[in-house]
Amino acid sequence: MSRAASIVRRDGSARVAVIGGGAIGGAVISALREGRLPGVEPVALVDDRPVQGAGVPQVDLATALDRADVVVECAGQAVVAQSAAGILDHGVDLLVTSVGALCDPAVADAVAAAGPGRLLLTSGAAGGLDILSAAAAQAPLTRVAVTTAKLPATLVQPWMDGPAAARLRGTDRPVEVFTGGAREAARLFPRSLNLAATVGWAVGDLDLVEVRLMADPSAALTRHLIEAEGPSGAYRFEIQNLPSPENPRTSGVVPYAVLRSLAALAGRPSGVI
Ligand SMILES: NC(=O)c1ccc[n+]([C@@H]2O[C@H](COP(=O)([O-])OP(=O)(O)OC[C@H]3O[C@@H](n4cnc5c(N)ncnc54)[C@H](O)[C@@H]3O)[C@@H](O)[C@H]2O)c1
């Protein structure tokens, strides 16, 4: 188990447990099993459904915590809300993909008070976080906006009534489905707007982030436009990610962002930090 500011053991190895063996977690485990990060070993999977062919033992969270130096959450906001503080209190680092969970002040407060494990966020589907974070450190940003366009069917939510969900699924033109803050976005679209929360976390002000979500039937690639302004400068990034074939709500690049985060944590940086 990790106690210091590194997940690496004396022999240079690091042990990873994954919560959620779906599109992201499954790909992370596969890549680690293939030796993508030498010495970084997947040792456990925690999932609330049986996962066939995971390639690592499926265990409960308590067992995973005894085996791992770092836990990678790839399961959803509810898991962060329920388990993050306990994982950190156990002395294990936690790398989070469901960053939107931290938009709930109660969750953010609980993880801030927990430890000695460290809470770490992966960049996920986002980019440009390095300079946004640096710019916000130079001087607080005055405007941050995220505009996301996804395939309509991926944006249907359990709280939508039948006709609204059918209209969204059947739209033949782009429609705006949400405008508002990152906190509300994370609550209403918990599996779709982690990027807005990640940007908010990077700039140190979740409440600054204005979110616009479009359902676009032509969005074969998920599009994100990230804009920011402040005394440090003006920033604009456009990202177009291929959806994961396993889960079209998720961009296919996200497992590779997780692997990049694990590489940095394990002291195997790509050279770009
Ligand atoms: N940061 C980002 O850019 C980004 C991008 C996409 C998705 N995400 C987050 O990653 C999460 C996972 O995405 P995915 O595409 O792999 O989803 P997925 O649906 O393919 O897989 C999720 C897995 O988690 C498991 N799971 C769900 N609830 C659980 C619980 N309480 N305990 C244990 N296991 C549980 C499911 O059984 C499933 O195997 C999403 O819910 C989203 O919050 C983040």
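Taking the DSSP bridge list for the chain and keeping only pairs wholly inside it, about 50 percent are antiparallel. How large a share of the accessible area of the chain, in percent, is made up of carbon and sulfur atoms when the probe is 1.4 Å and the other protein chains stay in place? About 52 percent, which is the carbon plus sulfur part of the accessible surface.
For PHE178, the residues whose modelled amide H falls within less than 5 Å of its own, excluding neighbours fewer than 5 places apart on the same chain, are LEU213. For the pair GLN52 and ALA106, label points projected 7 Å from Cα toward Cβ lie 3.8 nm apart. Between THR171 and ILE273, full extension at 0.36 nm per residue minus the direct alpha carbon distance yields a gain of 32.6 nm.
Centre-to-centre separation between the Cα atoms of segment 217-273 and those of segment 150-200: 19 Å. Amide H contacts under 5 Å for VAL72: ALA17, VAL18, ILE19, LEU95, restricted to partners 5 or more places along the chain or on a different chain, H placed in the peptide plane at 1.01 Å from N.
Taking only Cα atoms, what is the 0 to 90° angle, nearest 10, from helix 77-89's long axis to the longest principal axis of the chain? Tilt of helix 77-89: around 30 degrees. Our summary gives the chain a relative contact order of 20 percent, counting only alpha carbon pairs under 8 angstrom and 6 or more residues apart.
Per-residue 3J(HN,Hα) values for segment 191-208, derived from phi via the Karplus relation 6.51 cos²θ - 1.76 cosθ + 1.60 with θ = phi - 60°, read 9, 10, 10, 4, 4, 4, 5, 5, 4, x, 5, 5, 8, x, 7, 4, 6, 7 Hz in sequence order (x marks Gly and Pro). For the pair ALA234 and SER30 in one chain, pulling the backbone fully straight at 0.36 nm per residue adds 69.5 nm over the alpha carbon distance. Taking a quarter of the surface of the Cα convex hull of segment 129-241 gives a mean projected area of 6.6 nm². Springs join every pair of Cα atoms under 10 Å in this Gaussian network model of the chain, and among ASP130, ASP93, ASP216 the largest mean-square fluctuation is at ASP130.
Here the Karplus relation 6.51 cos²θ - 1.76 cosθ + 1.60, evaluated at θ = phi - 60°, turns the backbone of segment 157-172 into coupling constants of 10, x, 7, 6, 6, x, x, 5, 5, 5, 4, 5, 4, x, 5, 10 Hz, with x for every Gly and Pro.
Between GLU227 and ASP89, the simple label model (points 7 Å from Cα in the Cβ direction) yields a spacing of 4.4 nm. Protein heavy-atom accessible surface, 1.4 Å probe, per residue over the chain: 45 Å².
The value of relative contact order for segment 129-241, using C-alpha pairs under 8 Å at least six residues apart, is 43 percent.
The values are calculated or read from the model by the stated rules, or taken from the named source; none is laboratory data. What you are looking at is a predicted structure, and each value in this text was computed from that prediction instead of being measured. In this analysis, Cβ positions are derived from the backbone assuming ideal geometry, glycine residues included, and neighbour counts consider all displayed protein chains. Areas reflect the complete protein model, heavy atoms only, side chains present, ligands, DNA and RNA absent. Shrake-Rupley method; radii C 1.70, N 1.55, O 1.52, S 1.80 Å.
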